[in-house]
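All of the numbers you see were taken from the coordinates with simple rules; none came from a lab. Fair warning: this is a prediction, and the values are worked out from it, not measured in the lab. For neighbour counting, all protein chains shown are included, and Cβ atoms are generated from backbone atoms with ideal geometry for every residue, glycine included.
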């Protein structure tokens, strides 16, 4: 092994990943991405440029012929996601996704003994792991796929299941929000799990939320499996409290902060201040609209009408809502189209700025000038409040309001953790 060789992840195409941050926070490990083509796999595993690797698709099964030893759980699952070096120079394959998914399931606090669970994509690597964990916890795990014993066409016969787990990539960034199935009609659901972790709230999770069903995304699984991999690498056992804390911190860091509120309430200026204080990128939705459509929002409304503007605004928001870790200042009418809520909510903490109506100006705002501030407030204020995760009253200046937002955010995050 090369001196100071790093740990990392092995895959074919590796895009944005939270894992380098996770390994640095868990154990201070240097963690890099190893992108290799299939014909490079054997040489990479035989080389000495890495100290230990996680393995992701499409190589979780492909690496097995090159390994000297498999852990019991890797042998049972038939796939590997962690490789370490043996003293004799051989390679040992393990699977820490089992521990990761187990901790994710346990975080929901549901009773699984005797329960029935649908595992969407249950024949794949992640689905196989999920089924194994569920069965070990006493549940009946039913694999659902496009082909096989139970397909998506057969779901009417399973409307009484207790749990649904999505192990497919449907709903994953950037094709979000999307859902592999509709949850209406599943009358006995105790919980929904989606192992996708970006966005924070996938399409199926937002469905569950609307129906009052507890749900969990895959971020905790990602952190927990990394903690188990750290144990394989350097011998430090997983600390469950640390896993929970890091999951919450990472979720807060990666989610956007989206400002909504009446036209003229200061969303852009406050958003800019918050972004500067947090070291984030600020995006003004109206500016993004102008870049997309070639003219300012007000001019577009005057030229093509409000309905055309709203359609383009939604298309613009669809792109912004998929991003992570930015600050978004939305237009005042964003709440007039219900579909915009999911586009924001999927990966944002939504903050309403509440400014007295007598301080709002309609200058340069054709809809405010046409309808009047009071009429717009009557139509929109309840929507702002319903969409908001946090409501902050405006202070005497944008910097003071921004500081107030940041004071309230930890409290909001604490509430999220408790839920």
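Taking only alpha carbon atoms, region 222-313 gives an Rg to Rh ratio of 1.26, where Rh is the Kirkwood radius.
Here the relative contact order of the chain, from alpha carbon pairs under 8 Å that lie six or more residues apart, stands at 11 percent. Taken over the alpha carbons of region 99-217 as equal point scatterers, the Debye sum produces base-10 log I(q)/I(0) values at 0.14, 0.17, 0.23 Å⁻¹ of -0.50, -0.76, -1.54. Each of the peptides 32-42, 267-277 was scored by the mean count of other Cβ atoms within 10 Å over its residues; in descending order, highest first, they stand as 267-277, 32-42.
If you work out Rg and Dmax of the Cα atoms in Å from the coordinates, which of [x] 21.7, 72; [y] 24.0, 79; [z] 22.2, 77 do you get? Evaluating Rg and Dmax of the Cα atoms in Å on these atoms matches [y]. Please identify which residues in region 257-286 have an amide N closer than 20 Å to a label point set 7 Å out from the Cα of residue 406, following the Cα→Cβ vector. Flagged as within label range: 257-260, 266-284. Over every Cα atom in region 46-137, the radius of gyration and the widest Cα-Cα span, Dmax, amount to 14.8, 47 Å.
Most tightly packed first, judged by the mean number of other beta-carbon atoms within 10 Å of their residues, the peptides 187-195, 290-298, 343-351 read 343-351, 187-195, 290-298.
Looking at the chain, the DSSP beta bridges with both ends there are about 10 percent antiparallel.
Region 256-418: Rg/Rh from Cα coordinates, Kirkwood Rh? Here Rg/Rh amounts to 0.94. With 0.36 nm allotted per residue and the present C-alpha distance subtracted, the residue 158-residue 86 stretch has 21.4 nm of extension available.
Label separation (residue 30 vs residue 386): 5.4 nm, computed from points 7 Å beyond Cα along the C-beta direction.
Approximating the spin labels as points 7 Å out from Cα along Cα→Cβ, the residue 66-to-residue 337 distance works out to 4.7 nm. Post the alpha-carbon centroid distance, region 371-405 to region 43-68, in whole angstrom. Using only Cα atoms to place each centre, the spacing works out to 53 Å.
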